[in-house]
1. Using 0.36 nm times the number of residues separating residue 150 and residue 443, minus their current alpha carbon distance, what extension gain do you get?
2. Go through region 228-245 residue by residue and turn each phi into a ³J(HN,Hα) via Karplus (6.51, -1.76, 1.60, θ = phi - 60°); whole Hz please, and just put x for glycine and proline.
3. If a paramagnetic tag sat 7 Å from the Cα of residue 203 along the Cα-Cβ line, which residues of region 343-373 would have the backbone N under 17 Å from that point?
4. Could you give the length gained on full extension between residue 142 and residue 85, defined as 0.36 nm per residue of separation minus the Cα-Cα distance, in nm?
5. How much mean residue ellipticity at 222 nm does the chain get from its helices, if each DSSP H run of length 4 or more adds -39500 (n - 2.57) and you divide by all residues, to the nearest 500 deg cm²/dmol?
6. In whole percent, what relative contact order does region 394-441 give with Cα contacts below 8 Å and a gap of six or more residues?
7. Can you tell me, using C-alpha contacts under 8 Å and at least 6 residues apart, the relative contact order of the chain as a whole percent?
8. Around residue 99, with a cut-off of 14 angstrom between Cβ atoms, what is the net charge of the other residues, counting Lys and Arg +1 and Asp and Glu -1?
Amino acid sequence: MDAKPNTPFVSLDVNTYGSLENVRKPRIAIIGAGVSGLAAIKQCLADDLDPVCFEQDSAIGGQWRYVEVDEKNPDPHSSMYKSAITNTSRIATCFSDFPIPNNWPTYLPHKLIRQYLESYAENFDLYPYINLNTKVIKVSQLSNNCWKVKYQKLQQSNETITTSNTDSDMNEEEFDYVIICTGKDSAGWIPNYNGRDTFGGKQMHSHLYRTPKPFENKRIVVVGVGNSGVEIACELSNFTSQVYLCSRDGCMPWILPRRLLHGQPADHTLKRINSYFPVKIQNYMFESIINKISGQPPPELRPRTSFFSSICVLCSEFPERLDTGTIVLKTNIRELKPNREIELIDGTTLTDIDVVIYATGYSLELPFLENWRQILYGGIDFSEDVQGSDSENWHTTWLYKMIFPPRYQNIAFIGAIYPFGSYLPTSEMQARYITGLIKGEIKSLPSPEEMDKAISSCTDCPRRENSKYPSIRAPLIPYLDCLAKDIGCLPTPIKVWWNFGYKAWKNVLFGVPTSVQYRLFGRQTWAGALEWLDVHNGGKFTTFD
């Protein structure tokens, strides 16, 4: 199927039908019932659309649903390990009109996030719109720019899901729009090191890591210094004989403890007012704080990029592990050898290595979506490089506002982004943007050529600094503000002061950055937003009394 040279997301014209009552509700196919899928369903209902969600697992939650790796389920969809805890605080993590309970911990273990998502689904009555144990086989665009979804109902017995390939089990339905909510962590990406096929030890991706028990008294190499790599290395260091942590890019990220100045959770220091300072000043402020509080890695591994240009890892115990030698930082791997030795690029050799764990990220693959490479990467010049096995650009897509493919109508992606903050408010704001376009509440998207130009110059939305290609990494508040401006819910300081007074202005500008701020204005405001902001920004974690 050739890509359509039309502007994406054409809203239904009420005048064509004569009256609003005669307009059929647009049918929306939502693929996935994790954070992004639930936000999409809820927003479709809020905008009087007709959502149908397909989820291949037996429960909602997506990545936040902990599933054991065993013989019955050797490759589960979720990559959640048993000790995983959020990297964002409770206040900065919640959906904008459904706060997380105040008596919950500041940082939440995965089981509480899943419980929160289940409460969210129950509160907004989302379950009737979710088809569990339903696998999407193929999504393809029709000549009328609608989408055909072919799916299969899976059979479940004794907690094991089986797939039948008979045609009688297949179903097809037509939808006006498709929203892909399967997230970005669909396929573990492993660098193609020399000797990887003949290495004598065990190799695995962090996607399959669950607990440290299988690794007791072993010598482990963890590759990758993102959140998963650092957290897994710290946990393993309590049980193994030695853990080596290799930086695939040759340097460390910025390491933050979970609490910074005055005992505040780390993300509470990212006030909205900070976004009004030049990026260089913001970088200087946070780098100065980190250098005073956290220990620094060896000079050859220190961060080479500024704070807001790199991945930041929250792990309070990491500096202690370095000081005690239970974790040893190393440079990248040059070659893996059959005798369980690993040669590093600095010339040193690690011996008697039992296991290599690759915490090297994920590639976004959507085999059920017809022409998914063309849709995601847009036929741009570097698309083949992105797909290469040795590429470090797997985090690159060609999506306008990190949501819309320029040359395909009526399809959007939620959650295919690495925000500098929580995924929950990011997915929610993307869902609000999409349904606003469908309802005609937001001006139409530009032409494909204009979107190409905006993506190429990164003027469609804020992105990470110094990225070779248009990255899907973005600073949270500036990205949400960019979408909120078009939606009509941006809480600008002047607007807040004019409508709610000085106290509200102080809470928004100097308080904890939270998605609740985006329910003060525009469509679908939340009556409790102002009071909630006042209570939580006057709490013990704020520096502004």
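1. Details: separation 293, 0.36 × 293 = 105.48 nm, distance 3.16 nm.
This chain segment gains 102.3 nm when fully extended.
2. Values per residue, Gly and Pro as x: 5, x, 5, 5, 5, 4, 5, 5, 5, 5, 7, 10, 8, 7, 6, 10, 10, 10 Hz.
3. Correct set: 343-345, 350-363.
4. Details: separation 57, 0.36 × 57 = 20.52 nm, distance 4.24 nm.
Contour length minus Cα-Cα distance gives 16.3 nm.
5. Values: 15 runs with 140 residues, N = 545.
Helices in the chain give a 222 nm mean residue ellipticity of -7500 deg cm²/dmol.
6. On the way: 25 pairs, mean separation 11.2, N = 48.
Dividing the mean separation by the residue count of region 394-441 yields 23 percent.
7. Numbers: 1065 pairs, mean separation 108.1, N = 545.
The value is 20 percent.
8. On the way: positive: 90, 519; negative: 97, 428, 531, 534.
Result for the neighbourhood of residue 99: -2.
The values are calculated or read from the model by the stated rules, or taken from the named source; none is laboratory data. Since we're looking at a predicted model, the values are computed, not measured. Ideal geometry is used to build each Cβ from the backbone, glycine not excepted, and the neighbour counts take in all protein chains shown. Only protein heavy atoms, including side chains, enter the accessible area calculation; ligands, DNA and RNA are left aside. Shrake-Rupley method; radii C 1.70, N 1.55, O 1.52, S 1.80 Å.
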